[in-house]
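Some notes on the structure that comes next.
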């Protein structure tokens, strides 16, 4: 600890008289007194209550329709069909119907949901190659070992996109129709693009540089994932710019859910159409489902969700209720503390020596 | 290395000695050099369990099947920790190199008179004796003596021819023992410790000496003692180690639970999920998968035992040490000495001390005696009165008596009562005779460096004080020869013929001289213990005796050391007869001592009383106050001293450890085991019996000794125990030590006197072993270099020994550097101990405890989230957080605020810590951090982790982004929880903190800023662009933290996590405020009201003790003086040029005179053997002469 001092003289070794060294720094030393704690509690209770009420009112204004279609309507046939893996190549369509009592006003969002599907298993989550998905040519031909056993097919051809996550992409597709009063079925236009995070679409997922070649040519030498029917560059037959690694459905799937029950955005109601400019009117609806995704292996369920949104996201009852419960608990605590303080500890009664 | 059984050293035979390759005199305490630093340091660091553990983790992480975290989560913190430790080690070693260089470059060829350190262990052959002269510095000298046979080797040529061979013991650390044999000219001469000069001692009274080097460098006894610095651990360290083991157990439990969970999950659900995630080969067996999961979770949970824990604790301790070094209030300006924390590992232990073992001389006292009062012929001098005849207290400002009439006066001498000078000037006969006695009756050696500059070298400071007093009052002791004493009486030189010195010893407790004055009258002057002198007074003196006795009582009441003075006129014929008998008796070989004693007794009869002197054994400043304050803090102070019983008790009274209002002072002083046992039992029975009767009125004899600890608390009465060395030796035997300990713990004060260093260590160890309390030993670091050797002796047994006290404190003086080497803390004054313990110790303990509580809380809250998540992710060891967050959480995001808290937090400021010593008690009782506290804070951590996980879980299961896009993904979840966690722990530390300085603000806000900055940086496009695989979280923070719902979740989580803790601490502070809370409350009130005058505690000394210097005085130099040895021939000339080699003629001449004593300075700590030393020494000297 020898500190070389330049000072000399009789008091050479005298420590400096600085507030820091003498531990006299000006400081604020708050104490938990009734004057500070109790008002704080009441204030917190009040804030939580206001927030809770506000959130609750907001949530009340939203609407949601949830339907489990795993075996609903005509889908039970498809369900049985998918039980047998050898039928995987055969397509199966089915239809479910539902009725909206009240109109869904504003933007309406269409989700598909899965229950009991563990996207959050460590080995599953690791089984992807972000380097490949961002379009690095090296990784394209040489996928990360984390992708195993979905890194190469039996012939040793690299898979793009590799890994269990991409391999297990949700591949049901939906056509939503509205039964107009006259009995007409109107196909509801859904926006299937621009539904991902901006960063995902533009930073995290990139196609390899094409350099005047087609995407298919660039991806030549790779093969599609085992469970896929189509290669990655043909995911969206309608929009060539929505193919490859930047396909919205793929991106959404690749953003792994934190919990085994989750829903993912499928499309947003296109309100450009006059019929649906104000949202979805009340009435009967049909969903035509291309039923591909097998869930019976893991005893899963599939569902579709239609919902409108609030300023803090979808129909979320948890937050308002949690705020209200918290508020009432804090209020209760504050009252109890006040009573105790009033009876036993008022005015620093216990503070006397 | 072979074990050396014997050591052979031959003089002047380098070739012979080289065969053995003995150590040279180069001291090396440093561990590394530039090249060896990295490998050795890393090797050492990896020997630490914690670091090794992390290496094992690292290896586990490399196995892909197990690796649940990337390698960098462990490597980055580990490298950081290793680097910090390495820097610290390197700095330490740099300073060691520096001090080595300093020690090794010390001049050792030329022996210079005065303060010279011996750096070798040498066999002492011969030396020149002159009476050297550093008077103030030392009082207790040790005589070292050359072998008779070698003592005439003073000539260089003779010395060259000396070819003796020494065969002796191998190097060891026993400072007080040496056995060996010198073979020379076909003769054998036994060698013992008396013939050795050990490293560290200082030569006195001689200008040079020759020696044969036996041990050098690291093999010297001193270095053998110092070398083994045992690493001390604090009780918090030990507790921490236990807790870390518990945490490991907890970790394994959780691992097992989750592994079982994984086995079940894999066999129930995972099996069915194989379409999407096929099992690896090893996974076919669900049990084996569970086994792997176990290891994966061990890796994930490693953050409950954070790698930064140990290094943070070390940083804190280092910081606390610096605060001790910087404390101006522990700086002693007179010697320019600041307090120094020499070890940086013990600070918080300073806040838990229960027992202090203190040395006396130089620690409690300054070892300076001051002549303060006297009673002459029934009149008392020394007090001053104001015009109303009221006694005035003497302070710094009181005017001193002007001694300018006396050119030979000592300017440092202070006296306040001018009436005594007036009496002298009036030539009052009694007063003159009084001071003449003081000037004549002593064994002090004078030295006149230059004309009029007298320096006295006294054997005891008491004598020095008395002679100095006489000097200032005009009776200047100027010179002595074996036959004469020359005084300068009121400016007139008078030479007395010294006829006999009847020296002090323990039995006589008095000393007399017989002189013939210039008029030819023979006079006997005697001074001694009052009781002894009063017994020998002439009956005519009875009235005077009563008056004097009253004065003596008054002196004693003030804690002064008193002596009675008397004289007697001797008849020429009677004296002649007596002298003949004396001469005869002194030649007798058998029973010489007894015969002399009888003769002395014969002549010291019918004395005429002159008066009495009162000497103040100057306590160090503030000692009584400090002791009072420390005992209010429930710290038991035991004085362990080599002093005599009476002296020790005297000091006990004067520093308020013993008081008259104590119920009983037990003095244990017996010589047999039975007696000691009896006395101890009786004393204990007395205490327990009394307290029993007083508390319950019912004495149950049978249970009396069974349950002592219960009673300990109930004793209200105050007792003190004084025990002497002999009794202590018996009492420390296994069958009695419990009785001793019980009794001692029942007493407020314990004084052990005449204890040997070994016994000191035994006492300390006894307390340590049976009380489990933290002990502190404080010893004088010597105002004086000459005490260094014994200081080491003390230290080596008291402080360095792993058996000895937990903390060693050295009192350093001007020469402190050497003296305090073995201590853990050093400062210049005993009173700083109060500040060291009550302020720094308390703060350190408080800070360390808060730090640890918070640290464990934080890490549990952080880590256990993974546990809850396991139930949702199929026990697959998926982490909740981003790997970078795991890497940086402990070392970047949350380390600085908690370090700032551990460094700067103050619950109560330093003035109040000192004013309310009771604040110290929680430390002794281990209240702030113990297993219960640990349990509570981990519980709080678990609760927090639970809320941290489940509130976002609830929200996320149904949450989408404002633009409707899917939002319940794992990465968003991770960022939300991480952000909540950082905010929650920051808020929590804000609530735990008592003292918000600018630094705290900076660190807390800074850490939050750094967190967000790092978060965005780590998830930026650029980082992802470079390493897509390592930074997969790209954009998450941007998307997540721009959502209002995320902030709603964070707010809710924070409120819910913080409120319960806040309510609990509010209730606790409101309903059951601790003393700390109360003092804080007062402190705040006072702050509002503005500064107030501080009422300082004043401790009045009250005592009716008769203190008697005579009791403590040891056998003097009387015989030495009369024998004529040790006398310098020419007083002024030969020493006029210190440091220069005297002219060779005198030099050779002096050599041939072959005066062969050298005095090694020594401390009283040698205790017991000392007086006997003197007794043995003197006759030997006569024979050799």
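Here are a few things to note about the model shown:
- Centroid-to-centroid separation of region B:539-597 and region B:867-884 [C-alpha atoms, Å]: 93 Å
- With contacts taken as Cα pairs under 8 Å at a separation of at least 6 residues, region B:547-616 carries a relative contact order of 57 percent.
- For chain A, built as a Gaussian network whose Cα springs stay under 10 Å, the top-fluctuating residue of A:33, A:199, A:307: A:33
- D (Stokes-Einstein, µm²/s), Kirkwood Cα radius, region B:1013-1062, 0.890 mPa s at 25 °C: 197 µm²/s
- Relative to the longest principal axis of the Cα atoms of chain A, the long axis of helix A:34-60 lies at roughly 10 degrees.
- Mean-position separation - Cα centroids, region B:978-1046 and region A:224-288, in angstrom: 33 Å
- Note on chain A: GNM, Cα springs under 10 Å; of A:263, A:302, A:209, the largest mean-square fluctuation is that of A:209.
- The reciprocal of the average 1/r between distinct C-alpha atoms defines the Kirkwood hydrodynamic radius, which for region B:820-918 equals 16.9 Å.
- The shape of region A:231-353 comes out prolate: with a ≥ b ≥ c from the C-alpha gyration tensor, a/c is at least 1.5 and a/b beats b/c.
- Residues residue B:588 and residue B:40, FRET efficiency given R0 of 51 Å [Cβ-Cβ distance, rounded to 0.05]: 0.15
- The angle between the Cα long axis of helix A:318-340 and the main principal axis of chain A comes to about 20°, on a 0 to 90 degree scale.
- Three-way shape label, region B:935-1034, alpha-carbon gyration tensor, a/c 1.5: oblate
- Here the mean projected area of the convex hull built on the C-alpha positions of region B:1030-1091 is 8.6 nm².
- Overall form of region B:353-498 per C-alpha gyration tensor (a/c, 1.5; a/b vs b/c): oblate
- CD proxy at 222 nm, helix term only [per DSSP H run n ≥ 4: -39500 (n - 2.57); per residue of chain A; nearest 500]: -7500 deg cm²/dmol
- Two-decimal Rg to Rh for region A:34-185 - Kirkwood Rh, Cα set: 1.16
- Within a Gaussian network of chain A (alpha carbon springs, distance under 10 Å), most fluctuating of A:64, A:303, A:211: A:211
- One chain, two ends: residue B:264 and residue B:577. Fully extended at 0.36 nm per residue, the span grows by 101.4 nm beyond their Cα-Cα distance.
- For region B:403-442, the Kirkwood estimate of the hydrodynamic radius, built from every pair of different alpha carbons, is 11.2 Å.
Just so you know, all these numbers are worked out from the coordinates, no wet-lab data involved. Everything numeric in this text was worked out from a predicted model, so none of it was measured. Every residue, glycine among them, receives a Cβ derived from its backbone with ideal geometry; neighbour counts consider all protein chains shown.
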